[in-house]
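Single-structure report; data block below.
Read-outs: derived from the displayed coordinates by stated rules, not from any lab. Please read these numbers as outputs of a predicted model, since none were measured by experiment. Here the Cβ positions follow ideal geometry from the backbone for every residue, glycine too, while neighbour counts run over all protein chains shown.
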Amino acid sequence: MSQNHQETQNDGQTESNNEDKERSKFVKALYFTAGTTCLVLGIIGIVLPLLPTTPFLLLAAACYARSSERFYNWLLNNRILGSYIRNYREGKGMPIKIKIFTITLLWITILISAFLFIQICWVRILLIVIACAVTIHIILIRPKNRNIT
């Protein structure tokens with residue numbers, strides 16, 4: 001009788017292991033999808049100042065680290081996109097000229113969008129709140145050192 005009980009217990013463990021593997025694959029697929037979505041938003045953010053590039057690329061890297069080592073390594077070693085992540089991780093900062101340019105372009109784009117294209121008041125307010133938050137974030141990024149070597 002104990003042998004039957006043990007076989008039933010082993011079957012239960014096998015089913016549990018299979019469920020865990022399926023759940024793990026599903027979670028990895030979700031991380032991969034989220035990483036790809038963040039990657040696309042980060043790339044769009046390079047040319048559209050409304051979207052912050054670096055946070056989306058950092059999220060993409062974090063998602064890829066949990067889902068696909070191949071894509072994670074590709075992102076970190078990418079000639080263009082990898083520099084955003086490396087500079088942020090290394091705390092290299094942002095040149096003041098780039099800060100000024102980014103903030104100026106951000107506000108021009110937000111104000112044009114909010115007052116020429118958006119008719120809904122709460123959306124205008126939301127855009128301005130987002131612009132304020134992004135501006136604060138950019139200001140708080142350490143200025144890049146001008147070391148002459």
Ranked by how many other beta carbons lie within 10 Å on average, peptides 31-40, 118-127, 79-88 from highest: 31-40, 79-88, 118-127
Scattering curve values for region 40-101, log₁₀ I(q)/I(0), Debye with Cα scatterers, q = 0.13, 0.29 Å⁻¹: -0.34, -1.32
Proximal charge balance of SER67 [Cβ under 11 Å; K/R count +1, D/E count -1]: +3
For region 94-149, diffusion coefficient by Stokes-Einstein and Kirkwood Rh (Cα), 4 °C, 1.567 mPa s, µm²/s: 104
For SER68, distant residues with modelled amide H under 5 Å away: none
